[in-house]
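Student: Quick one: the structure is below, questions incoming.
The values are calculated or read from the model by the stated rules, or taken from the named source; none is laboratory data. What you are looking at is a predicted structure, and each value in this text was computed from that prediction instead of being measured. Glycine also receives a Cβ, built like all others from the backbone with ideal geometry; neighbour counts cover every protein chain displayed.
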Amino acid sequence: MAFDFSRRSLLSFGAGATIAGLGGCATAAQTTEASAAEAVGAFPAHKASDGSELLGPESGVALLSRNENPYGPAKSAKKGIAYAAEKGAYYPGVAYEELAKLIAERHGVTPDMIAITTGSGEALCAIALMYGPKGPIVAPRLFWDTTALYAQNLGMATISRVALTPDMGVDLAAIEAAVTPQTGLVQLCNPNNPTGMLSDPAAIKAAVTRMSKKTTVLVDEAYMELADDPDANTCIGLVKDGHDVIVSRTFSKIYGMAGIRVGYTIAAPETSAKIRSTAMSWIAGTGLSGAISCYNDMAFVDYSKSKVKEARDMITTTLDALDMTYLPSSTNFVYFKSGKPANDIQKALAEKQIMIRGQYMDYVDWSRVSMGKIADVERFCKALPTVV
């Protein structure tokens, strides 16, 4: 049965929301609050009270807070993981090289341009440690900042955050203007997290090209495979053209392997060698074998993408019916403005065993909901009117 959630169907809930504007002048107190929020970052430490059991959600819990793909891992990945488990007494052999070859072949680069790590997070942490001591990491005010904060918390980096545009987009022109000879790194997330928005491909490629002449530019493309046209939007071509650019990808999202931890970067050979040398751990054979087995499983990739789109359409239909503002998403989550404190909505939904993310920094009434299994997303859609 098709999902049907009209504005009329909400009347029984007495639904409605007042949407506050985005503009306004900041007071001194607001400026202090903003600085404190930036020190904590957009993604504070994960709390255990999100309905999780040892691995994954407890029975009856709709886990829509962590941008996972619950349809993974693919059957092809599971076969590779099972094989690796049988060989678990041994350190991985040439699996690293084999996976690097697969990735390089798809993107038209050489294997020495690939650095594979335990999730893209390890690579991003390594990059922050490499470039943070050189100068500030210039980035959008909202981005996946956990890895940059890792270096900042060690006293090895500072983050220079650039305000978003009035429509919550990444302000590429302002970021470019903020780059100086002292800049250590520019870090972008495209599509961005938590906003879900994809930058215009021509604009971001032009800006990254210009900025890379002054400093290294890192483009975190964790969600790129979920965009409508990944090949047209990726910055990998800039790496191939010899620009000082690093692109990161992950198996955690489209491939549904968030708990198995495999990610990679594509960069110049010398840069990739530095990333490999800075990474702190070895990738498990289960992750390497699973990634090798599913990397070219395009049937699973297409299936995952279709389920994400189906769930996202359900979410946006509900938000439209509630007259709520939301940002156009090219990811497996939606960032929406309810007009009520995000933490209050998170708490009210948690009482119904539906888990979404709460407030990010000082964006008080903006909430993020991930695309999970269709039945769980439908629970969210039906519950949201009762809490707003």
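Student: Any idea which residue in region 273-326 is farthest from the chain's Cα centre (by Cα), counting only those that are of a type in the set (D, E, K, R) and over 30 Å from Ile354 (Cα atoms)?
Tutor: In this case the residue turns out to be Lys274.
Student: Among Val186, Val208, which is touching a residue at least 12 places away in the same chain (Cβ under 8 Å), surrounded by 23 or more Cβ atoms within 10 Å (Cβ to Cβ) and in contact with a Cys (Cβ under 8 Å, 6 or more places away or on another chain)?
Tutor: Among Val186, Val208, only Val208 is touching a residue at least 12 places away in the same chain (Cβ under 8 Å), surrounded by 23 or more Cβ atoms within 10 Å (Cβ to Cβ) and in contact with a Cys (Cβ under 8 Å, 6 or more places away or on another chain).
Student: For Met355, work out the one condition from (1) farther than 22 Å from Gly169 by Cα; (2) touching a Phe, Trp or Tyr at 6+ places or on another chain (Cβ under 8 Å) it doesn't fulfil.
Tutor: (2)
Student: Of these, Tyr335, Tyr326, Tyr363, which one is assigned by TED's automatic domain parsing to the domain that holds Ala62, free of Cβ contacts under 8 Å to residues at least 60 places away in the same chain and crowded, with 20+ Cβ neighbours inside 10 Å?
Tutor: Tyr326 is the lone residue from the list that is assigned by TED's automatic domain parsing to the domain that holds Ala62, free of Cβ contacts under 8 Å to residues at least 60 places away in the same chain and crowded, with 20+ Cβ neighbours inside 10 Å.
Student: Filter region 228-254 down to residues that are of a type in the set (Asp, Glu) and in a loop (DSSP other than H, G, I, E, B) and give me whichever is farthest from the chain's Cα centre (by Cα).
Tutor: Asp241
Student: Can you list the helices (runs of 4 or more DSSP H) lying wholly within region 48-153 that have 3 or more residues being within 22 Å of the chain's Cα centre (by Cα) and under 16 Å from Ala258 (Cβ atoms)?
Tutor: Once the helices (runs of 4 or more DSSP H) in region 48-153 are filtered for at least 3 residues that are within 22 Å of the chain's Cα centre (by Cα) and under 16 Å from Ala258 (Cβ atoms), what remains is 119-131.
Student: Suppose the filter is touching a strand residue (DSSP E or B) at 6+ places or on another chain (Cβ under 9 Å) and aromatic (Phe, Trp, Tyr); does Tyr90 pass it?
Tutor: no
Student: Quick one: in region 254-272, which of the residues that are touching a residue at least 60 places away in the same chain (Cβ under 8 Å) and among the hydroxyl-bearing types (Ser, Thr, Tyr) is surrounded by the most Cβ atoms within 10 Å (Cβ to Cβ)?
Tutor: The residue in question is Thr265.
Student: If you take the residues of region 160-170 that are crowded, with 16+ Cβ neighbours inside 10 Å and either modelled with pLDDT under 95 or over 18 Å from the mean Cα position of the chain (by Cα) (or both), which of them is nearest to Thr183 (Cα to Cα)?
Tutor: Taking the candidates together, the pick is Ser160.
Student: Then there is this: Restricting to region 338-350, name every residue that is outside any helix (DSSP H, G or I) and either surrounded by fewer than 19 Cβ atoms within 10 Å (Cβ to Cβ) or free of Cβ contacts under 8 Å to residues at least 12 places away in the same chain (or both).
Tutor: Within region 338-350, Gly339, Lys340, Pro341 qualify.
Student: Continuing with the same structure: Looking at region 122-139, is at least one residue out of contact with any helix residue (DSSP H, G or I) (no Cβ under 8 Å at 6 or more places or on another chain), closer than 14 Å to Ile283 by Cβ, in contact (Cβ under 8 Å) with a residue 60 or more places away in the chain and assigned by TED's automatic domain parsing to the domain that holds Arg276?
Tutor: Yes; the residues of region 122-139 include at least one that is out of contact with any helix residue (DSSP H, G or I) (no Cβ under 8 Å at 6 or more places or on another chain), closer than 14 Å to Ile283 by Cβ, in contact (Cβ under 8 Å) with a residue 60 or more places away in the chain and assigned by TED's automatic domain parsing to the domain that holds Arg276.
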